[in-house]
Amino acid sequence: MVLHIRGAPVIPGPVRTPGELWDSRRHRIPGRFRARGGLVIPLALLGCLFSPLAAHAQSAREIIDRVDQLMRGESSIARITMDIQTENWDRSLTLSAWSLGTEHSLIRVESPQKEAGTATLRADQEVWNYLPRVDRTLKLPSSMMAGSWMGSHFTNDDLVKESRLVDDYGIEIEFDGTRDGVDVWEFLLVPLPEAPVVWGKIRYQVSKEGLLPTWTRYYDESDELIRTMTFSENRMMGSRLVPTVMTIRPADKPEESTVVRYHELEFDVDLDEDYFSLRNLRSGR
């Protein structure tokens, strides 16, 4: 998974030798990259560059699915900072994140010290939080998935979302042309009947050059804009060109924001389902 934390310093990455990965405690753990031609974000995000594609060359669903998979990937390890700004306080977190497919993810707070070890785990259909200060493991009910994660403008569902957009939404192209000198597509996503989603609709802009997302706007069932997520600072991470910064702003409080920045991101790493266990959830203390 990939995140940008606003205000946090860029954390220099270690010099890696082939076949080594960096874990959350700044030790090296054995591993190897799997050579795959596909895309790698719970993030499941996470190598190849895309050339511009004409709208007739693929459907709206195919385009959105490729962009969605860009941010997911088959497996990933990331080091992230998250900067949260509200009208009453500011907060910065450093995170480590692991993901495997669409059903397994683990996010752990590394700093500040008072929050270190706090973690969220998704394993299959269950989501758990670990609170090291009271040494408690809590299972999150579905009713809490729309709640704020660590006081940010991201929800629990944002960070451990397992479903693909094409599974939950009908998708059509609303605009095909140039915005501010950039060739883009803009898509309208409307929930399918019985889809387990909270949004009344989503609008999604994608740059044709590289098939990279530029912004996503989320609306409620009354067609009111609730929040906007923007994507920026596209960089090569491993073998992929991806946005390394994501910023969320609530529509009713535009002076507030949460910024997630990826500093380290590895794709197609060797992880298995056993890694995403309650024991490992608690092991980061």
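Need one word for the stretch 56-211: rounded, prolate or oblate. Basis is the Cα gyration tensor (sqrt eigenvalues a ≥ b ≥ c); a/c below 1.5 gives rounded, then a/b vs b/c decides. Walk me through the intermediate numbers first.
Working: a/c = 2.08, a/b = 1.72, b/c = 1.21.
Prolate shape, in that a/c is at least 1.5 and a/b is the bigger ratio.
Set the Förster radius R0 to 22 Å, insert the Cβ-Cβ distance between Asp270 and Ser239 as r into 1/(1 + (r/R0)^6), and round the FRET efficiency to 0.05.
That pair, Asp270 with Ser239, gives E of 0.85.
On a straight-distance basis, which aspartates and glutamates could pair with Lys208 in a cross-link, Cα separation under 12 angstrom, same-chain partners fewer than 8 positions away excluded?
Asp176, Asp183, Glu186
What list do you get for Ser148, Ser222 if you sort them by fewest beta carbons within 10 Å?
Details: Ser148 14, Ser222 7.
Ascending number of Cβ neighbours within 10 Å: Ser222, Ser148.
So between Glu87 and Ser232, what do we pick up on full extension, going 0.36 nm a residue minus the alpha carbon distance?
On the way: separation 145, 0.36 × 145 = 52.20 nm, distance 2.38 nm.
Once the chain is fully extended between Glu87 and Ser232, it gains 49.8 nm.
Applying 1/(1 + (r/R0)^6) with R0 = 22 Å to the Cβ-Cβ distance of Leu225 and Ile173, what FRET efficiency is obtained, to the nearest 0.05?
Values: r = 20 Å, r/R0 = 0.91.
Efficiency computed from Cβ-Cβ geometry: 0.65.
Could you tell me the largest-minus-smallest coordinate of the C-alpha atoms of the stretch 175-285 on each of the three principal axes, in descending order and whole angstroms?
45, 34, 33
Just to be sure I understand the curve: with the Debye formula and one point per C-alpha of the stretch 94-186, what is log10 I(q)/I(0) at q = 0.17, 0.21, 0.25 Å⁻¹?
-0.80, -1.03, -1.33
Just so you know, all these numbers are worked out from the coordinates, no wet-lab data involved. These figures come from a predicted structure and were not determined experimentally. Here the Cβ is made from the backbone with ideal geometry for all residues, glycine too, and neighbour counts use every protein chain on show.
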